[in-house]
């Protein structure tokens, strides 16, 4: 077993076969050997040996990885390139600090009450600072009204967050209860995701606990290298989950990134802390992505099979990196959607959309934009009028990419499609 944070040993395990390079998201848009998985590994080893100073040039290189984990998936030795880069980004943060807007963002992630207040204020004033894009089709604007700044489509904040719009517990008259971890984007912007999930659980007679003391999963900070914030948020969530975990059938999460962070990356983060690693591992068996739970643990497929078939909408599905590559979840949403919808697969459904985290969406957006162009054209080629994915980060990135490519396909979470099918 490779020590995941021994840069030298991991670099030596790399046989330099190059199998990862044709699929590496950053190498596809920036074909430089330094920004390839084997290039990253060589540089990491040199850094650990003291042969490579951690200067701004090296910082720029290590912050160019999308952390899509494609290289890990295709590597014959499954080398954990993503985890090594996450680790070195913590060293980068310690040396160079964080930009003010990142510090502010991560502060808000630690303090949800302040975030709630600012979200309410932001809802009132957001149209003053942004130009509303009126040409977006009404079908899309039923779910969120896109706004434009510097030619980018950004999700509009909801009038009221999802968690503040519903009671703490919802009794659906069932003999099962699940806890719902909603995720920040679905809580503040894409609130119809959570609403759709509640409608599905009502149909299934499954009781719901909204666990309103939940914190951000910590993924944005983890991918940026702010390990202090990750430790704060992860410990808060683990301690909170432990208070109710024995009273619920599952913690379900309608977000691929949040699910992967809690189920997989908490364990990775505490690799050198046996006590907290054990506590994180103890919880993971009850953590499910929403479609994973609905497909494997309920009779939703059977219910949907008796509903009328939607012969109007053609759906194509994008596999989030944190769903298929990290959790092996890709067939489950399709199992549910195909009961009532027609699906046309795009050419590379699991190619990274190019979201890439906070740094990629700010300082390196030119890379994110370049990575999004092929995905938009893949979607266009299917002629589908709906693209679906169980990830709000992918939703944000793909919607912007579709807008740039002037593709009229609308984005909907699979839970939204399922809830609409249940209504008939």
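Here residue 336 meets each of (1) surrounded by fewer than 18 Cβ atoms within 10 Å (Cβ to Cβ); (2) out of contact with any strand residue (DSSP E or B) (no Cβ under 6 Å at 6 or more places or on another chain); (3) more than 26 Å from residue 219 (Cα to Cα) with one exception, condition (1).
Taking the criterion of being free of Cβ contacts under 8 Å to residues at least 40 places away in the same chain and part of a loop (DSSP other than H, G, I, E, B), the residues of region 51-62 that qualify are 51, 52, 53, 55. What number of residues in region 319-362 are over 20 Å from residue 264 (Cβ atoms), part of a loop (DSSP other than H, G, I, E, B) and touching a residue at least 12 places away in the same chain (Cβ under 8 Å)? Total meeting the criteria: 12.
When region 287-316 is filtered for residues that are part of a strand (DSSP E or B) and either without any contact (Cβ under 8 Å) to a residue 40 or more places away in the chain or farther than 13 Å from residue 418 by Cβ (or both), the ones remaining, listed by number, are 287, 288, 289, 314, 316.
Residues in region 403-415 that are surrounded by 23 or more Cβ atoms within 10 Å (Cβ to Cβ) and in a helix (DSSP H, G or I): 2 in all.
Of all residues in region 382-402, how many are part of a loop (DSSP other than H, G, I, E, B) and surrounded by 21 or more Cβ atoms within 10 Å (Cβ to Cβ)?
Just the residues of region 382-402 that are part of a loop (DSSP other than H, G, I, E, B), to begin with: 383-385, 389-391.
Imposing the further condition that a residue be surrounded by 21 or more Cβ atoms within 10 Å (Cβ to Cβ) reduces the set to 384, 389-391.
So the answer is 4.
If you scan region 64-79, which residues turn out to be outside any loop (DSSP other than H, G, I, E, B) and within 13 Å of residue 327 (Cα to Cα)? Within region 64-79, 70, 72, 73 meet the criteria. Residue selection: residue 382 fails the criterion of being without any contact (Cβ under 8 Å) to a residue 12 or more places away in the chain and farther than 26 Å from residue 67 by Cα. For the residues 380, 406, 412, 344, the requirement of being modelled with pLDDT under 95, farther than 26 Å from residue 85 by Cα and not assigned by TED's automatic domain parsing to the domain that holds residue 22 singles out 406. Within region 363-373, the set of residues being farther than 21 Å from residue 105 by Cβ and either in contact (Cβ under 8 Å) with a residue 40 or more places away in the chain or in a loop (DSSP other than H, G, I, E, B) (or both) comprises 370, 371.
Against the definition (farther than 30 Å from residue 372 by Cα, assigned by TED's automatic domain parsing to the domain that holds residue 181, touching a strand residue (DSSP E or B) at 6+ places or on another chain (Cβ under 7 Å) and at pLDDT 95 or above), how does residue 251 come out, yes or no? Show your work before the answer.
Values: farther than 30 Å from residue 372 by Cα: yes; assigned by TED's automatic domain parsing to the domain that holds residue 181: yes; touching a strand residue (DSSP E or B) at 6+ places or on another chain (Cβ under 7 Å): yes; at pLDDT 95 or above: yes.
Here the answer is yes, as residue 251 does meet what is asked.
When the helices (runs of 4 or more DSSP H) confined to region 137-206 are screened for residues that are modelled with pLDDT of 95 or more, surrounded by fewer than 22 Cβ atoms within 10 Å (Cβ to Cβ) and in the same structural domain as residue 257 (by TED's automatic domain parsing), those reaching at least 3 such residues are found at 191-203.
Based on this model, can you work out whether residue 228 counts as in the same structural domain as residue 288 (by TED's automatic domain parsing), more than 23 Å from residue 265 (Cα to Cα) and touching a helix residue (DSSP H, G or I) at 6+ places or on another chain (Cβ under 9 Å)?
Working: in the same structural domain as residue 288 (by TED's automatic domain parsing): yes; more than 23 Å from residue 265 (Cα to Cα): no; touching a helix residue (DSSP H, G or I) at 6+ places or on another chain (Cβ under 9 Å): yes.
Criteria not met by residue 228.
Checking each residue in region 71-91 for being within 16 Å of residue 45 (Cα to Cα) and either out of contact with any helix residue (DSSP H, G or I) (no Cβ under 7 Å at 6 or more places or on another chain) or crowded, with 20+ Cβ neighbours inside 10 Å (or both) picks out 79, 80, 81, 82, 84, 85, 86, 87, 88, 89, 91.
The set of residues from region 11-50 being farther than 22 Å from residue 352 by Cβ, touching a residue at least 40 places away in the same chain (Cβ under 8 Å) and in a helix (DSSP H, G or I) comprises 13, 47, 48, 49.
The values are calculated or read from the model by the stated rules, or taken from the named source; none is laboratory data. Just so it is clear, the structure is predicted and the values come from calculations on it, not from any experiment. All Cβ positions, glycine included, derive from the backbone under ideal geometry; neighbour counts span all protein chains shown.
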